[in-house]
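As structure tokens, the structure follows; a few thoughts come after it.
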Amino acid sequence: MATQASTQTPASAPTVRVGVGCFVTKCENGETFFLLGQRKGSHGSGMWALPGGHLEMCESWDACARREALEECNVELPPDLVHVATINNVFRDSVPIKHYITLVMAPRDPAAAFGGSVR
């Protein structure tokens, strides 16, 4: 009887995680403002960062960016997001070491990104 190889990674094995961040912008009087949040409770605690988080299984990049902006900032992003950058981060000071690939998304039209208040 043949055995099937497992495609699951053991829980103790190091893995590369995928994160998605998104530029949330507001244009007012000819100026563009960027929304940043101060990280807490995870790697980079205290640092300023774009809204974002982990990509969930089978989730598209743009759906993840819209979900995270809504969860973290109560901001609804337009549906036409575009991929603008990919960042490869290895956090060697973390125990255990962490490795993230972060996909950065942005609204196709920054002027239409959001017009209301954020929380």
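The values are calculated or read from the model by the stated rules, or taken from the named source; none is laboratory data. Keep in mind it's a predicted model, so treat the numbers as computed, not measured. Positions of Cβ are backbone-derived with ideal geometry, glycine not excepted, and every protein chain shown enters the neighbour counts. The accessibility values were calculated without ligands, DNA or RNA, using every heavy atom of the protein model including side chains. Shrake-Rupley method; radii C 1.70, N 1.55, O 1.52, S 1.80 Å.
Structure data summary
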read-out	value
Strands (runs of 3 or more DSSP E) (entirely within segment 9-119) containing at least 1 residues that are of a type in the set (Ser, Thr, Tyr), modelled with pLDDT of 95 or more and in contact with a strand residue (DSSP E or B) (Cβ under 7 Å, 6 or more places away or on another chain)	81-91, 98-107
Residues located in segment 25-61, provided they are open to solvent by less than 80 Å² (accessible area, probe 1.4 Å), closer than 22 Å to GLU76 by Cβ and free of Cβ contacts under 8 Å to residues at least 60 places away in the same chain	GLY37, ALA49, LEU50, PRO51, GLY52, GLY53, HIS54, LEU55, GLU59, SER60
Residue tally, condition more than 12 Å from the chain's Cα centre (by Cα) and open to solvent by less than 70 Å² (accessible area, probe 1.4 Å), over segment 73-97	11
Residue check for LEU70: touching an Asp or Glu at 6+ places or on another chain (Cβ under 7 Å), on the phi < 0 side of the Ramachandran plot and open to solvent by 40 Å² or more (accessible area, probe 1.4 Å)	yes
